[in-house]
Every structure is written in C-alpha cells, then in structure tokens.
Amino acid sequence: MAAASPPAVLQVSGIEKRFGGVVALNGASLSIAAGKVTALVGDNGAGKSSLVRVISGVFSPDSGTIHVGGKPVAIPNPRAARALGIHTVFQDLALVGCLDVVQNVFLGDEVHARFGGLRMPWLNRGHMEQATREALDRLHVSTLQDLLQPVEVLSGGQRQTIAIARAVRQDARLLILDEPTAALGVKQSRQVFEAVARIRASGTAVLLISHNLREVFAASDYIAVMRLGRVSRIFETATANEEEVVSAIVGANRRSESEMPGSGTARSVEGG
C-alpha cells in the first residue's frame, strides 16, 4: 500500500490580483504540504512576491479561494495570517537593531508581568528569555549565547535565525521565507538551511522563495515554477534536474499534468 500523502497546510486556488491594468496573478493555484519544503521560483515579475503577499495578508486577492487546514479562510491582513499560523520572514527581517534578541523575538507580542490577575506595565523578562531560549534550542542554535545583545551587532545569518525563531516561538504551521540567503555568505547560508531542515522535521510546512537554484535543489521537496502570474509547473525535487526547471521558468518544454502529493489538485496548474 502506498504511503499516505502529507496533508495540505495551505491551498490557494484560482488567485487573481490586478493593479490597475497590470495583472500580477492570473489564476494562481498552489498546495503546500505539512513537513515539506516547497520552493517557489520564477523570473522577476512572474508573480512570486504578489502570491506571497496574498498568503501573508498584505494584499487581498480580487478572486480565488484560500484554505488552511482544509477550511476556507479569508486573510485580510498580516495579523489574521499569523492567527492562522502563517508566518512570513521578508528580506528586511522586520528586526529592530537597537533592541536585544529577546525583544526582537517578542516584537509586537510582548508578555507583561501580572500580579493578582492584573496586567503590570513592565515586561515579564524571565518568561520571555526562557521562551526565546526554547525557540532557539528547537532550531539547535548554539551561536547566540547572549540574548541581551542588540541584534545590530550580530551577523546576517544570526539575524535571519532570530526572525525564524520568532515564527517558531509562535508555533507556525507555515513558514514563508523570502530570499533568506540573498545577502549571506556560504557559512551563514548553511546555518539558515540547517534551521529550515529542523523546522521541516518538526512537521511545519515551509515555502521558500529563492533565485538560487543550487540552494533550492538542496533544501526543497518540491519546486513550484511561476510564470505569467500562475504556477505553471511543480516538480518533485528528487527527480528533477536544473535544466528542466530552467526550461519551465522561461516557458519551454511544457509537459502533461500530474498530481502533487498532499494537494488533490494538478501539479501543473497552468490552466488556473
């Protein structure tokens, strides 16, 4: 008996988004499975950023449906996305350089001390530091021993890890990483992908946006190609090669549709 396909954490179908006369998304459909890394690739202008911003609640789609855990949902804003367990780490990381590691992991979600059931004006630093350490331990991070140092003195890889730890602390169901190694060296990039591997192993779904095909092949289970505002092809990474992925990105060598594990939809969804 064949092994059961992993369940879809997120499924978007027929997503359309226009900005005036510009069609950013033209019937985009994609399913992202639990415990898997799906890489999203494509040329500039293919629709990757627009699709990520729809999933993250930054943009509202003009049409189409979104399901999380099999249930239809609306994601009107980033707060609603986070409430659904969807956490996005954009390239700017949304960190505050002058604040320490703990403050950045809890940024916008600080825990206040309580006394007799009353909320005090000061923070519960002990709880926040413990939770931060636990999130970093889940990622097997050993290079951040001093949680009180400002993040502006840390390396790019350490800052990226802090942004990921913020999502881990909040038990993300889906972690979206937007070009996580774009400004990092080889060693720092390796640290980031070691963290991604541990997140994947915990059962969290990961959507990785990257232009670096070498990293995509090393880190992902599936490769989704966007072209002209649609997901035109999805490959199983283990059986794909770089040449055919590049061909799909530029629109050459189309092949027949096949099913993506965990989606219940066509792997090639060029028809929308």
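Here's the list of lysines a cross-link from LYS36 could span, going by alpha-carbon distance under 26 Å and ignoring same-chain residues fewer than 8 apart: LYS48, LYS71, LYS187. Charges were assigned to the Cβ only: +1 to each Lys and Arg, -1 to each Asp and Glu. The resulting dipole of the chain about its Cα centre is roughly 460 debye. For ASP146 and ALA80, the FRET efficiency from 1/(1 + (r/R0)^6), where r spans their Cβ atoms and R0 equals 30 Å, is about 0.30. Once both labels are positioned 7 Å from their Cα atoms along Cα-to-Cβ, the gap between LEU123 and VAL250 label points is 5.0 nm.
Which angle between 0 and 90 degrees, to the nearest 10, do you get for helix 186-201 versus the longest principal axis of the chain when only C-alpha atoms count? The angle comes out at about 80 degrees. Distance between the modelled labels on GLU194 and LYS71, one decimal in nanometres: 3.8 nm (7 Å Cα→Cβ projection).
How many percent of all Cα-Cα pairs in the range 118-250 sit more than 20 Å apart?
Considering the range 118-250, 52 percent of its Cα-Cα pairs are separated by more than 20 Å.
When each of the peptides 14-20, 100-106, 131-137, 228-234 is scored by the mean number of other C-beta atoms lying within 10 Å of its residues, the order from highest to lowest reads 228-234, 100-106, 131-137, 14-20. For the range 214-235, backbone nitrogen atoms closer than 20 Å to the point 7 Å from ASP43 Cα along Cα-to-C-beta are found at 214, 224-235. Over all Cα atoms in the range 122-185, the spread is summed up by Rg and Dmax: 12.4, 39 Å. The residue among GLY157, PHE217, VAL196 whose Cα reaches farthest toward the positive pole of the charge dipole of the chain, with charges on the beta-carbon of Lys, Arg, Asp and Glu, is VAL196.
Electrostatic tally near PRO180: other residues with Cβ closer than 13 Å to its Cβ, Lys and Arg +1, Asp and Glu -1, net -3.
Express the Stokes-Einstein translational diffusion coefficient of the range 16-78 in µm² s⁻¹, to the nearest whole number, given a Kirkwood radius over alpha-carbon pairs, 4 °C and a viscosity of 1.567 mPa s.
Translational diffusion coefficient: 103 µm²/s.
The label point for ASP62 and the one for GLU134, both projected 7 Å from the Cα toward the Cβ, are 4.6 nm apart. If you look at the Cα atoms of the chain, you get an Rg and a Dmax of 19.2, 67 Å. Where only DSSP H runs of four or more residues are counted, the chain gives -8500 deg cm²/dmol as its mean residue ellipticity at 222 nm, each run worth -39500 (n - 2.57). Comparing ALA135, GLY42, LEU184 along the charge dipole axis of the chain, the residue lying farthest to the positive side is ALA135, per the Cβ-charge model. Ratio of Rg to Rh for the range 74-190: 0.98 [Cα atoms; Kirkwood radius as inverse mean 1/r over pairs].
Throughout, read-outs are computed from the coordinates displayed, never taken from laboratory work. Quick caveat, the model's predicted, so the values are computed rather than measured. Here Cβ is always computed from backbone atoms with ideal geometry, including for glycine, and neighbour counts include all displayed protein chains.
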